[in-house]
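J.: Below: one structure in C-alpha cells.
The values are calculated or read from the model by the stated rules, or taken from the named source; none is laboratory data. If you're wondering where the values come from, they're calculated on a predicted model, not measured in any experiment. Don't worry about glycine lacking a Cβ; one is built from the backbone with ideal geometry, like all the others, and counts go over all protein chains shown. Surface areas here come from the heavy atoms of the whole protein model, side chains and all, with no ligands, DNA or RNA. Shrake-Rupley method; radii C 1.70, N 1.55, O 1.52, S 1.80 Å.
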Amino acid sequence: MNTVPEYQHFIDGRWTAGESGEMTGVINPANREVVARVALGTRGDVDQAVLSARRAFESGVWSGKSVEERAGILNNMALLVMVNKDKLAGLESLCSGGTIRRTSTVDIAEVAASLVMTAMFIKEMPRVEHGLCLPWVLPMHSYWKREPIGVCAGITPWNFPMILAAWKFAPALAMGNSIVLKPAGITPLTALELANLAHMAGVPAGVFNVVTGPGPLVGNHLAAHPEVDKISFTGSTEVGRQVAHLAADGIKRITMELGGKSPLIILDDTDMEVAVNISLYAFLFNSGQACESGTRVFVPRHLQQELVERMIEKIKKMKTGNQMDPATDLGPIASEAQLKTIINYVETGKSEGAQLVWGGSRLSGPEYDRGFFFEPTIFMNCHNKMTMVREEIFGPVQCVIPYDDQEEAVAMANDSVYGLGGGICSTNVARAQKIAARLRTGTVWINTWHALRPDAPFGGYKQSGFGRENCYHALLAYSEVKHVCQDLTPEAGEKFFNPLIGLK
Ligand code: NAD
C-alpha cells in the first residue's frame, strides 16, 4: 500500500491531533497524487491553538526574553532551515507546483534571510527612546519603547507558502509575540515543518502554533477570535475585505497583503532585449502565480510587434512540466480551481476582442493530462477596459497594451484598483526615476522585476492592502508603542495640574 506522511496540527510545542480526528489529502498538482494527509481543522482546534498562544504570551516565557536571546533563536532557526533545505524545498514543490529549481534556491534563501535579517533589525532597533520634553518646564521625564502586541494570527496563501509564512512569523516572534499560523488548505506542509524547526531552535511551546484547515471555517474563526490581537493576512482582496471586517469588530491590528495587477511601462529608449526578458519574467515566475506579477505591459505602439515576436521566440524554448525535475522552467498551476479561473479569463479576453498571439490553452499529452498545466499565454492590442486587463488572473497570461505617448502610459498604469508592484524599462535612469515617483504602487522596479528583499519594505497601495512586510517596517507592524511619563516633583503641592482643577 502506498503510504504518505500524516501531519497533525502543531500546537503548544507538539504535534496535536485535531478534535474531529478527520484528515484530508494534499495533492501534487502535476499528477493529482496524494502526497500527504493533514488534519482537517475545526473551530475547537483554533481555540486550542489561540489559548496555547495566549498562555505562552502571558507567561513571559518568550516576550520576557531579551532581544539578544530572541535574535539568537531566530538565527538558530535559520541554520536549521538550511540544514533541512532539501526536505522543505521538496515538500514546497510537491504541493504548490513551484519548480524545485526555485524552491531549493530562492525560496530557501529567502526564508533563512528573513530570519537572519529580522534578527539583525531587532538588535539595531532603539530599545528605549527619550523625549526632549521641550514644552515642559517642569521636571518630568518621558521615555517610550516598543512592546509586543500579544497573540498574532497569520493567514497565508498557496503561491509561496514558506516565504509568506516566514514574512509573518519572523517579525512576530522577533518582537516577542505569540503566533497562530493558518496556511492555505492546499499547501500546509512547510508551515508545519517550520513551526517544528522553530521549536527545535529554542522557541518555547505555545509561541508558534499552526492549525490547518479550510479558510472559511478555520481562517474565519481565527480572524474573529477575541483572544487574537493582530491579524496579518496575505491573500485575495476579496477575502482580505472579509477578514478586515472581522478585525474591525474587535479593533484588531491588521496587515493586509492582497492582490495586484502590476504595470510594466516600456519606454521608447529601452534596450529591447532587456524589455523582452522582463516582460517574460514578470508574468511567468511561478507560472504567473505571484501577487506582484507584471501582467500589464505598456509598450510604445511601434515596438509592440517586435516585443511580442521576441517574447514568443523565447517562450518556445521554455519547458513546462513536472516541477520536481530540475530541468523544468515552468511548473503546473497549483489547483484545478485556479486552472479554471485562468481558462475563464482567457475566454473572456478573447470575447472582449483581445488578440491572442500565443498559448491560451490547457496543456495536453501524457506528461500533462493528469495535472493542471496551462500554456504561457500572450494577448496583444489589449486596452484598459478589458476585464482581463483590470482583474487579477493569477496565471501565466500577459496583456500587452500599446500606447502613443508617455503620459497616456502612466495614466493607464495608474488606472487600477490595485497598487502592489510596477516597473519601467529604460536606458535613461533619470527618466525612469521620474516615472517611478508617479506610479501609485508599493514597489517600483527599474529594469528588473520580482526583486523582493528581506531588507526592503513590501506592501501595497490602494486595494493591494496596507502595512508593510520585511525590513524594520515589519517589526513596527508587530508592536505597540508605550509612553512612560514620570513626574519628578516630589511634593503634592508642586504638581503642575493643581491650579487646573483648583487643587492646593
Ligand atoms: P485566498 O484569499 O483565497 O486565501 C488566502 C488565505 O485565506 C488562505 O489561507 C485561505 O484558506 C484563507 N481564507 C479563505 N477564506 C477565508 C475566510 N473567509 N476567512 C479567513 N481566511 C480565509 O487567496 P489564495 O487564492 O490562497 O492566494 C491568491 C491570492 O493571494 C491572490 O489574490 C494574490 O494576489 C494574493 N497574494 C498576495 C500577496 C501579497 O503580498 N500582496 C502575496 C501572495 C499572494
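J.: Based on the Cβ-Cβ distance from residue 411 to residue 337, what FRET efficiency comes out when R0 is 35 Å, to the nearest 0.05?
T.: That gives a FRET efficiency of 0.50.
J.: Working out 0.36 nm times the residue gap between residue 496 and residue 4, then minus their Cα-Cα distance, what length gain in nm do you get to one decimal?
T.: Details: separation 492, 0.36 × 492 = 177.12 nm, distance 7.12 nm.
Length gained, residue 496 through residue 4: 170.0 nm.
J.: Using θ = phi - 60° and the Karplus relation 6.51 cos²θ - 1.76 cosθ + 1.60, list the HN-Hα couplings for region 384-389 in order, rounded to whole Hz, with x at every Gly or Pro.
T.: Those phi angles translate into 5, 8, 6, 3, 4, 7 Hz.
J.: I would also like to ask the following. Within the accessible area of region 262-446, what % is carbon and sulfur when the probe is 1.4 Å and the other protein chains stay in place?
T.: Of all accessible area on region 262-446, carbon and sulfur atoms account for 51 percent.
J.: Find how much the distance from residue 128 to residue 86 grows on full extension, using 0.36 nm per residue of separation minus their present alpha carbon separation; answer in nm with one decimal.
T.: 11.0 nm
J.: Something else now. Quick check: pseudo-label points 7 Å beyond the Cα along Cα→Cβ at residue 75 and residue 427, how many nm apart are they?
T.: The answer from the label model is 4.6 nm.
J.: Mind checking the angle between helix 161-174 and the chain's longest principal axis? C-alpha axes, 0 to 90 degrees, to the nearest 10.
T.: 20 degrees
J.: How far is helix 272-284 tilted, in degrees, relative to the longest principal axis of the Cα atoms in the chain, given as a value from 0 to 90 rounded to the nearest 10?
T.: Approximately 70 degrees, to the nearest 10.
J.: Shifting gears a bit: Among 7, 200, 432, which residue has its Cα positioned farthest towards the positive end of the charge dipole of the chain, with +1 placed on the Cβ of Lys and Arg, -1 on the Cβ of Asp and Glu, and the dipole taken about the Cα centre?
T.: The listed residue farthest towards the positive side: 200.
J.: In the full protein assembly as shown, how much of residue 99 is accessible to a 1.4 Å probe, in Å² to the nearest 10?
T.: Surface accessible to solvent at residue 99 totals approximately 20 Å².
J.: State the percentage of accessible surface on region 120-179 attributable to carbon and sulfur atoms; use a 1.4 Å probe and exclude ligands, DNA and RNA.
T.: The computed percentage sits at 62.
J.: Students often check this: by mean Cβ neighbours within 10 Å, which of 85-95, 372-382, 53-63 ranks highest, and how do the rest follow?
T.: Packing order, densest peptide first, comes out as 372-382, 85-95, 53-63.
J.: Turning to a different aspect of this structure: With a cap of 16 neighbouring Cβ atoms within 10 Å, and only residues DSSP puts in a loop, list the GluC sites (Glu not before Pro) found in region 434-504. Provide the component values of the computation, followed by the final result.
T.: On the way: sites: 469, 480, 491, 494; in loops: 491.
Counting only loop positions with at most 16 other Cβ atoms within 10 Å, the GluC sites (Glu not before Pro) in region 434-504 are 491.
J.: Under 1.5 on a/c is rounded, so check that first for the chain, then, if it is not, pick prolate when a/b is larger than b/c and oblate when it is not; a ≥ b ≥ c are the square roots of the alpha carbon gyration tensor eigenvalues.
T.: oblate
J.: Could I ask something else about it? How much length is gained on full extension from residue 404 to residue 434, taking 0.36 nm per residue of separation minus their Cα-Cα distance?
T.: Working: separation 30, 0.36 × 30 = 10.80 nm, distance 1.86 nm.
That pair, residue 404 and residue 434, stretches by 8.9 nm at full extension.
J.: Also: Which ³J(HN,Hα) values, rounded to whole Hz and listed in residue order, are derived for region 417-425 from phi using the Karplus coefficients 6.51, -1.76 and 1.60 in 6.51 cos²θ - 1.76 cosθ + 1.60 with θ = phi - 60°, glycine and proline given as x?
T.: 6, 8, x, 8, x, x, x, 9, 10
J.: Mean residue ellipticity at 222 nm from the helices of the chain, using -39,500 (n - 2.57) per DSSP H segment of n ≥ 4 over the full residue count, to the nearest 500 deg cm²/dmol?
T.: So the calculated ellipticity at 222 nm is -11000 deg cm²/dmol.
J.: Show me, for region 194-206, the HN-Hα J-couplings you get by feeding each phi into the Karplus relation (A = 6.51, B = -1.76, C = 1.60, θ = phi - 60°), rounded to Hz, glycine and proline as x.
T.: So the Karplus estimates, Gly and Pro as x, are 5, 4, 5, 5, 4, 4, 5, 6, x, 6, x, 4, x Hz.
J.: Another question, if that's okay. Set Lys and Arg Cβ to +1 and Asp and Glu Cβ to -1, take the dipole of the chain about its Cα centre, and tell me which of 298, 500, 323 lies farthest positive.
T.: Of the listed residues, the answer is 500.
J.: With a 10 Å radius around each residue's Cβ, average the other Cβ atoms per peptide and rank 346-352, 177-183, highest first.
T.: The packing order, highest mean first, is 177-183, 346-352.
J.: Tell me the per residue accessible area of region 190-341 using a 1.4 Å probe; a whole number in Å² is fine.
T.: 34 Å²
J.: To continue, here is another question. About its Cα centre, what dipole magnitude does the chain give when the only charges are +1 on Lys and Arg Cβ and -1 on Asp and Glu Cβ, stated in debye to the nearest 20?
T.: 440 debye
J.: Tilt of helix 67-83 relative to the longest C-alpha principal axis of the chain, in degrees (0 to 90, nearest 10)?
T.: Around 30 degrees separate the two axes.
J.: Let me ask you something else. For labels at residue 14 and residue 488 in the simple 7 Å Cα→Cβ model, what's the distance in nm?
T.: 5.3 nm
J.: Using the heavy atoms of the protein chains and a 1.4 angstrom probe, tell me the accessible area per residue for region 406-478 in square angstrom.
T.: Details: 3010 Å² over 73 residues.
I get 41 Å² per residue for this part.
J.: Here is a further query. Gap in Å between the Cα centre of region 170-248 and the Cα centre of region 1-43?
T.: What the calculation gives is 17 Å, centre to centre.
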